[in-house]
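Asks: One structure coming up, written as structure tokens, with questions to follow.
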Amino acid sequence: MFTGLVTLPLAPVRGVVWLAEVLKEQAEAQLYDPGRIAAEMQGIADAVASGEMSEEEAAEREEDLIRRLNEGRALAQEQAPAPPPDAPVASAEAGAASAPAGDAAAPAPAAPAG
């Protein structure tokens, strides 16, 4: 409670910082949106077809859009949550190794001679 009272004057600053972070996230989401990038690519193709833009300028803008698309994918991979350390591995070997011990298809172990 004491900490809350002492840091109360900083509340407006924390609010502004939070707002700036939200605005940044929204701007990045729009900048790297694959749908928006595809629409811009179509706009470039239309501009070239109508003669409003040269092939060289179109190629430069398309390279920039492809770079943005790749950056967006890289950011999405960085921000994706990592699987928990005890999560099962999704592979054919892992599936075979994690078969239940009482599986009816598996042969029963031989009894020791004795």
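The values are calculated or read from the model by the stated rules, or taken from the named source; none is laboratory data. Note that the structure is a prediction, hence the values are computed from the model and not measured. Only protein heavy atoms, including side chains, enter the accessible area calculation; ligands, DNA and RNA are left aside. Shrake-Rupley method; radii C 1.70, N 1.55, O 1.52, S 1.80 Å.
Asks: Could you tell me what percent of the accessible area of the range 1-50 is made up of carbon and sulfur, with a 1.4 Å probe and every protein chain present?
Replies: 70
Asks: Okay, moving on. Under the Karplus relation 6.51 cos²θ - 1.76 cosθ + 1.60, θ = phi - 60°, what is the ordered set of whole-Hz ³J(HN,Hα) values for the range 19-31, x standing for Gly and Pro?
Replies: The phi angles translate into 4, 4, 5, 5, 5, 5, 4, 5, 5, 5, 4, 6, 5 Hz.
Asks: What's the long-distance tail for the range 36-84, i.e. % of Cα pairs beyond 13 Å?
Replies: Within the range 36-84, distances greater than 13 Å cover 61 percent of Cα pairs.
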